[in-house]
Amino acid sequence: MATGHLRAGDAEELLALLRAARSLDPGPVLPWELLEGLLRLVPADLDLTARLVDHRDLRTVVVQGVLADGTRGVERAGEDALTGPSGRLRSPLVGPQSQRVLRRVLSAADLHPGDGTGPLHPEVTTDVPGELVVPLRAPLGQAPVLLFLRSGGTPFGERDRRLLELARPHLLELWLDAEHRRADVPRLTAREWEVLGLAGAGLYAEEIAAALRIAVGTVRKHTEHIREKCGTHTVAEAAARCLPYGPGPGQPVVRWGG
């Protein structure tokens, strides 16, 4: 992607933020320091919220927000108020305008599972001048959405959109990584995930070996490592623990610039 609209140092600052985020506390949706860093890069004088939404029934599960003054807040479905010290976060759980924003975002194809071959939709939308919406595609029923809000309809510019488009795929990987860390899912190799997936589907070691074209002894060694990493007695227990979260990011969070 061309970066002609970015300011000097934008890409480097974003790169450093993304690299640091994987070692940070995962937070309720994304690491708090990651949201605060994004708010410095793309200023929004109201707030930045990261919402975990369920596109199957247009339901917001949790809202994590940072105000321009640094105040943090969290709201979860079913709760009456934010748990943070301030109630000023513009939560998508309340208000007709917020519901309109949520429904518009959730109607985008890239919040739904798929192979990415369908119609293209804007990655970063600005239907309302003071709103910048960043949906993240996820293979599960739930997906995160970032919403930047400015007061008085102050428009977001091309630089803001391009910077977030550059960050968008890495933000998805950071969310998947955060999901794994919140669930205490161990880090498995790509091959271990393959073995675990087939074992979870009920295949025996011989069938897994044939499917992956590896030796039966190699399959058994992988399952031994999986059990050790998961702290389980059987690979079936490991599959029940890990498979609901998927294999997670298959590549490093940051693939560009180094």
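The values are calculated or read from the model by the stated rules, or taken from the named source; none is laboratory data. Remember, predicted model here, so these are calculated numbers, not experimental data. Cβ placement follows ideal geometry from the backbone for every residue including glycine, while neighbour counts extend to all protein chains displayed.
Structure notes:
- I214 being out of contact with any helix residue (DSSP H, G or I) (no Cβ under 7 Å at 6 or more places or on another chain) and modelled with pLDDT of 90 or more: yes
- Residue among T154, T234 that alone is among the β-branched types (V, I, T), more than 25 Å from R22 (Cβ to Cβ) and in contact (Cβ under 8 Å) with a residue 60 or more places away in the chain: T154
- Residue match in segment 48-69 (condition: within 10 Å of F148 (Cα to Cα), assigned to a loop (DSSP other than H, G, I, E, B) and of a type in the set (A, V, I, L, M, F, W, C)): no
- Any pair with Cβ under 9 angstrom, 6 or more apart, that starts in segment 65-86 at a residue that is within 15 Å of L52 (Cβ to Cβ) and of a type outside the set (S, T, Y) and ends at one that is exposed (fewer than 12 other Cβ atoms within 10 Å of the Cβ) and at pLDDT below 85: G73/T83; G73/P85; G73/G87; V74/T83; E75/A81; E75/T83; R76/T83
- Some residue of segment 194-214 being surrounded by 15 or more Cβ atoms within 10 Å (Cβ to Cβ), under 25 Å from the mean Cα position of the chain (by Cα) and not in a helix (DSSP H, G or I): no
- Of all residues in segment 237-255, none are under 16 Å from A190 (Cα atoms), hydroxyl-bearing (S, T, Y) and at pLDDT 90 or above.
- Taking every residue in segment 21-48 that is without any contact (Cβ under 8 Å) to a residue 12 or more places away in the chain and pairing it with any residue that is surrounded by 20 or more Cβ atoms within 10 Å (Cβ to Cβ), at least 6 positions away or on another chain, the pairs with Cβ-Cβ distances below 7 Å are L24/P31; L24/L34; D25/P31.
- Across segment 175-188, not a single residue is classified as of a type in the set (V, I, T) and farther than 30 Å from L146 by Cα.
- Pairs, first within 20 Å of L41 (Cα to Cα) and assigned by TED's automatic domain parsing to the domain that holds V63 in segment 120-136, second assigned to a loop (DSSP other than H, G, I, E, B) and modelled with pLDDT of 80 or more, C-beta under 6 Å, six or more apart: T126/F156; P129/P155; G130/R150; L132/F156
- Conditions (1) modelled with pLDDT under 80; (2) assigned to a helix (DSSP H, G or I); (3) more than 22 Å from A68 (Cα to Cα); number of the one not met by L120: (2)
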